[in-house]
Amino acid sequence: MPLSMATAGMSNRIVRVGGKSEIRRHLENLGFVAGGEVTVISIISGNVIVNVKDSRVAISKEMANKIII
């Protein structure tokens, strides 16, 4: 299921990161790597605020759809 559909407050494990190579590389630089833990803090107007590797990151719904948990 894509990260954009996750429930706020629950910890999830990233299965894979999709998209073009430059998008995957950008997300991996932010800490979204397969096997990593990610927790959704909130979803506001489709944009997702997550906790990943002890950092808070805000990503768009389109980016969140590329992260499969």
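Accessible surface for the chain, divided over its residues, is 60 Å² per residue with a 1.4 Å probe.
The portion of the accessible surface of the chain made up by carbon and sulfur, rounded to a whole percent, is 51 (1.4 Å probe; DNA, RNA and ligands excluded). Near the amide H of residue 16, within less than 5 Å, lie the amide hydrogens of 68, all on another chain or at least 5 residues away, with H placed in the peptide plane.
Sequentially through the stretch 14-23, phi angles give Karplus couplings (6.51, -1.76, 1.60; θ = phi - 60°) of 6, 8, 7, 10, x, x, 5, 4, 6, 6 Hz, Gly and Pro residues having no value and appearing as x.
Amide H contacts under 5 Å for residue 33: none, restricted to partners 5 or more places along the chain or on a different chain, H placed in the peptide plane at 1.01 Å from N.
Excluding same-chain neighbours fewer than eight residues apart, the aspartates and glutamates reachable from residue 20 by a Cα-Cα span under 15 Å are 28, 62.
Our coupling estimate for the stretch 55-60, obtained by passing each phi through the Karplus curve with A = 6.51, B = -1.76, C = 1.60 and θ = phi - 60°, is 9, 9, 10, 9, 10, 6 Hz, Gly and Pro reported as x. Backbone phi angles across the stretch 30-38, fed through the Karplus curve with coefficients 6.51, -1.76 and 1.60 (θ = phi - 60°), yield HN-Hα couplings of 7, x, 8, 10, 4, x, x, 8, 9 Hz in residue order; Gly and Pro are listed as x.
The values are calculated or read from the model by the stated rules, or taken from the named source; none is laboratory data. Keep in mind it's a predicted model, so treat the numbers as computed, not measured. To get the accessible areas, we keep the full protein, side chains included, count just its heavy atoms, and leave off ligands, DNA and RNA. Shrake-Rupley method; radii C 1.70, N 1.55, O 1.52, S 1.80 Å.
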